[in-house]
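Report on one structure; see the data block that follows.
Just so you know, all these numbers are worked out from the coordinates, no wet-lab data involved. Model, not experiment: these values are computed from the prediction. Heads up, the Cβs are rebuilt from the backbone with ideal geometry, glycines too, and the neighbour counts pull from every protein chain shown.
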Amino acid sequence: MKAIINEINTAWSNQDIVSLNKFIDVLHKSMYCGDIVGIGAGRMGYSLRGFIMRLAHMGCSASFIGDTNLPRVNKNSTVIINSSSGETPTNIVYAQQAKAFNANLLVVTQKPNSTIAKLSNACLVLPEIKSEQVMKTFSEQYSFLIFDFISNELVKKSRQNDSDLQLRHSIFE
């Protein structure tokens, strides 16, 4: 566990805070302007799905690719794609579709020169580190924590608190 925590601390110490704050500001400005759609494959998708749920708790119209209530994107929509490589083929297609319909495209990736990052309106670049964990576990963990950090910042910026979020939290658990 110490090695995992050290990896997270190393990444955070290398995180570009200016681009993180810009990403938060862009997302905050678009939170209540239209639908928010999350897109991600595999475990990167799971970390984003948790964030999309938090946005819904904040009162946003937020859904994840594959949901039966997925809205049609348009110029008022914000599409968030989480892809460590920025080259996942299906995510590239979704990014191109979002841009074709003039959606605001926000990308979280470790590759700022990737295909998806180049299509974005705002790109949050996550640090790449040498990890001792299996496959892309570090990337998935770190993105989940970054989304939790962003959630906290958005709650503050929108002047909400836990009580506000709990009112929108499901009672069916």
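Summary table
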{"read-out": "Nitroxide proxy distance, nm - points 7 Å out along Cα→Cβ at I171 and W12", "value": "3.6"}
{"read-out": "Spin-label pair A100/Q160, simplified geometry with 7 Å Cα→Cβ offset, distance in nm", "value": "3.2"}
{"read-out": "Tensor-based shape of the range 47-108 (alpha-carbon gyration tensor, a/c under 1.5 rounded, otherwise prolate or oblate)", "value": "oblate"}
{"read-out": "Of every Cα-Cα pair in the chain, the percent that sits beyond 25 Å", "value": "29"}
{"read-out": "Whether the range 83-173 is rounded, prolate or oblate, judged on the alpha carbon gyration tensor where a/c under 1.5 counts as rounded", "value": "oblate"}
{"read-out": "Proximal lysines to K157, defined as alpha-carbon separation beneath 29 angstrom and excluding residues fewer than eight positions away on the same chain", "value": "K22, K29, K75, K99, K111, K118"}
{"read-out": "Paramagnetic reach from K136 (point 7 Å along Cα→Cβ, amide N under 12 Å) across the range 71-90", "value": "82-90"}
{"read-out": "Calculated P(r) of the range 1-94 - Cα pairs past 23 Å, %", "value": "32"}
{"read-out": "Positive-end residue of P89, S77, I129, charge dipole of the chain with Cβ unit charges", "value": "S77"}
{"read-out": "Centre separation in Å (Cα based) which lies between the range 141-167 and the range 7-77", "value": "11"}
